[in-house]
Amino acid sequence: MSDEKNRAVAEAILPLVGGAANIRSVAHCMTRLRLGLADRALVDTEALRALPEVLGTVEDDTYQIVLGPAAVAGVTERLRRLLEPPGPAASPTAEDLAGRGERIRAQARVRNATPVKLALRRIANIFVPLIPALIGCGIVAGLSGALANLGWAPALVTALGPVSSGFMSLIAVFVGYNTAKEFGGTPVLGGAVASVIVYAGVAKVEAFGHHLTPGQGGVVGALGAALLAVHLERWTRRLVPAALDVLVTPTVTVLLGGLAALFGLMYVAGEVSTAIGHAATWLLAHGGLLAGLVLGGLFLPLVMLGLHQALIPIHTTLIQQQGSTVLLPILAMAGAGQVGCAVAVYLRLRHNASIRATIRSALPAGLLGVGEPLVYGVTLPLGRPFVTACVGGAAGGAFIGVAGQLGDAVGSTAIGPSGWALFPLLAGPHGLLASAAVYGGGLLTGYLAGFLATWFFGFTRETLAEYNAVAPEGGSE
């Protein structure tokens, strides 16, 4: 592991073994960090084992943390440095903030390991691999729309239609495949059962007094059908003799799963998908200001709690149903608030060269919608600036929401990018230029609100003096 990663692991371990005061000795063997502890009752073994880098723990004459041969020496050295007495007081540096941010991230991972959040993470694992295709097809669709509006290259516009829409027409199959893979079934059987949903012949099937429509239920139906297929496969495999498994198990899985999709899941999932679309449309049409304020302001805390993953299937459903998701541009304003906040921190901490250097390196990524370097390296460890950045996100979200309420709703044809990277994926009722103007107005609002909130309320006098107290070695800017 890199030295930075070793430091982060050591900093995550230290509070979970009772802190520096509880450690009497530090050593290591080939794979294990060996600690002599004053009081083992202070050790949070469950939280230690939840850290991704910890392979296990052993209680012997010393308390042993299994890290593996590649990591143990580096982590041990970093832990020893953490236990050294502090030197003369100086302003906290970017490295201090990064360590604090990594500890917060590690603690969040432990807190997020609840059954509900783990289930949401598994659902996210189904959809995240689809994002590159969604982005590519979304940009092609935007290019096709622009050419059509300009009246250019009609033959090319016709050809771009299948290129941009082919994946979306079969997305249920990919969702079914990934669902079975994630939940321990045979991926191709999950895809086979989900493919029933998009097969054109379902139009001849009647369920609940109505003829089905190809694609009815969309990704929600595909997810449910593939989950059912996984359980059917396991159930059949337990009952069928091994000699017949290769014939019977796939047949039963596809037969029962397909029939269940046709005569139950497609109809129910279709109603759910329709409700999601109506709810999103109603939310912007009637409560745009409030919806934007809440969604833009609370998105980063939702990320911290691991609850944002529940939005991925909703985004995908809206894209499949309406061609774009109106929620993503609002949620993207959280990143705008972070950028405005970071600029204010940069100007306020004019004597702290280390933190300013971190902000300079992280800002380009923040402008393109990659917020983690700013969140975990600057705003979250500082405390108050994270809150003022959320204020900026709320203001930007409110701007987008009000525009939607006035009939200028802006959506995204794919999920994944935000910030400036979202511009090529924008869609709206009045064309790309109008959508870009609304979205750009939201970004500027988020930048400005995040900057002003942080400038005036981001620091107390004490913290401002602390972080500007003494420049690190090498001088100040």
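The values are calculated or read from the model by the stated rules, or taken from the named source; none is laboratory data. The model shown is predicted, which means the values in this text are computed figures rather than measured ones. In this analysis, Cβ positions are derived from the backbone assuming ideal geometry, glycine residues included, and neighbour counts consider all displayed protein chains. Accessible surface is based on the protein model in full, side chains and every heavy atom, while ligands, DNA and RNA are left aside. Shrake-Rupley method; radii C 1.70, N 1.55, O 1.52, S 1.80 Å.
If I ask for residues that are touching a residue at least 60 places away in the same chain (Cβ under 8 Å) and over 18 Å from E271 (Cβ atoms), which ones from the stretch 198-256 would you list? Can you show your working first?
The first filter runs over the stretch 198-256 and keeps only residues touching a residue at least 60 places away in the same chain (Cβ under 8 Å), leaving 202, 207, 215, 218-220, 223, 250, 253-254.
The answer is P250, T253, V254.
Scanning the stretch 387-408 for residues that are within 8 Å of G297 (Cβ to Cβ) and either among the β-branched types (V, I, T) or open to solvent by 50 Å² or more (accessible area, probe 1.4 Å) (or both) gives a single hit, V391.
When you check S195 against the structure, is it within 22 Å of G428 (Cα to Cα), assigned to a helix (DSSP H, G or I) and without any contact (Cβ under 8 Å) to a residue 60 or more places away in the chain, yes or no? Please lay out each step first, then the result.
Working: within 22 Å of G428 (Cα to Cα): no; assigned to a helix (DSSP H, G or I): yes; without any contact (Cβ under 8 Å) to a residue 60 or more places away in the chain: yes.
Spelling it out, it is not the case that S195 is within 22 Å of G428 (Cα to Cα), assigned to a helix (DSSP H, G or I) and without any contact (Cβ under 8 Å) to a residue 60 or more places away in the chain.
Tell me yes or no: at least one residue of the stretch 225-234 is open to solvent by 60 Å² or more (accessible area, probe 1.4 Å), assigned to a helix (DSSP H, G or I) and touching a Leu at 6+ places or on another chain (Cβ under 7 Å). Within the stretch 225-234, none of the residues are open to solvent by 60 Å² or more (accessible area, probe 1.4 Å), assigned to a helix (DSSP H, G or I) and touching a Leu at 6+ places or on another chain (Cβ under 7 Å).
Counting only strands (runs of 3 or more DSSP E) that fall entirely inside the stretch 1-64 and contain at least 2 residues that are open to solvent by less than 30 Å² (accessible area, probe 1.4 Å) and not aliphatic (A, V, I, L, M), the qualifying elements are 56-59. Each residue in the stretch 409-432 was checked for being open to solvent by 30 Å² or more (accessible area, probe 1.4 Å) and under 21 Å from the mean Cα position of the chain (by Cα), and 5 pass.
Take the residues in the stretch 240-250 that are in a helix (DSSP H, G or I) and touching a helix residue (DSSP H, G or I) at 6+ places or on another chain (Cβ under 9 Å); name whichever of them is surrounded by the most Cβ atoms within 10 Å (Cβ to Cβ).
The residue in question is T249.
Assess whether R103 counts as being of a type outside the set (G, A, S), modelled with pLDDT of 85 or more, in contact with a helix residue (DSSP H, G or I) (Cβ under 8 Å, 6 or more places away or on another chain) and open to solvent by 40 Å² or more (accessible area, probe 1.4 Å). No; evaluated as a whole, the condition is false for this residue. For the condition under 23 Å from G377 (Cα atoms), among the β-branched types (V, I, T) and modelled with pLDDT of 85 or more, V110 does not qualify.
Quick check: anything in the stretch 338-346 open to solvent by 40 Å² or more (accessible area, probe 1.4 Å) and under 19 Å from G442 (Cβ atoms)? Yes, because at least one residue in the stretch 338-346 is open to solvent by 40 Å² or more (accessible area, probe 1.4 Å) and under 19 Å from G442 (Cβ atoms).
Filtering the stretch 346-393 to residues that are in a helix (DSSP H, G or I) and more than 23 Å from the chain's Cα centre (by Cα) leaves Y346, L347, R348, A353, S354, I355, R356, A357, R360.
Going by the structure shown, is T325 touching a strand residue (DSSP E or B) at 6+ places or on another chain (Cβ under 6 Å), of a type in the set (S, T, N, Q) and either in contact (Cβ under 8 Å) with a residue 60 or more places away in the chain or open to solvent by 30 Å² or more (accessible area, probe 1.4 Å) (or both)? Break it down into steps so the answer makes sense when it comes.
Working: touching a strand residue (DSSP E or B) at 6+ places or on another chain (Cβ under 6 Å): yes; of a type in the set (S, T, N, Q): yes; either in contact (Cβ under 8 Å) with a residue 60 or more places away in the chain or open to solvent by 30 Å² or more (accessible area, probe 1.4 Å) (or both): yes.
Criteria met by T325.
The set of residues in the stretch 366-381 that are aliphatic (A, V, I, L, M) and open to solvent by 30 Å² or more (accessible area, probe 1.4 Å) comprises L367, L368, V370. Exactly one residue among G221, G185, G209 is closer than 28 Å to A275 by Cα and under 27 Å from the mean Cα position of the chain (by Cα), and that residue is G221.
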